[in-house]
Amino acid sequence: MGLNFIIEKIDHKVLDTVVCDRCGTEIKKVSTGQWNSFGEPYSIYQPHFEDFFLLRTTWGYFSRKDGESHEAVICETCYDQIFSGVNIKIKN
């Protein structure tokens, strides 16, 4: 679950799949590449995915999780369910 990468080159990794850590749904890859006007792939390309929420934190001193790093990938449906009662500040 979460973010899964494949190694394309020894010095370059590309995001390959995104999976919700709550429900296990794979977030769809919208595109598999970008092409220039000559029909050639760009030398550097990053696939695009439907949007997802990435929660990442490292807990600090005085917490019960001191020094632990936590990460979770949440799909939009699970995000709406989990945070329905939370006052989220939305900026446009």
Distant-in-sequence amide H partners of residue 16 (H built 1.01 Å from N, under 5 Å): 4, 5, 6
Per-residue HN-Hα couplings for region 64-72 [Karplus 6.51, -1.76, 1.60; θ = phi - 60°; Hz; x = Gly/Pro]: 6, 10, 3, x, 7, 10, 10, 9, 8
Fewest-first sequence of 56, 22 by Cβ atoms within 10 Å of each Cβ: 56, 22
Around residue 3: net Lys/Arg minus Asp/Glu count, Cβ-Cβ under 12 Å: -2
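Readers should treat all values here as calculations from the given coordinates under stated rules, not as data from a laboratory. For clarity, every value in this text was computed on a predicted model and none was experimentally measured. So basically every Cβ, Gly included, is an ideal-geometry build from the backbone, and we count neighbours across all protein chains shown.
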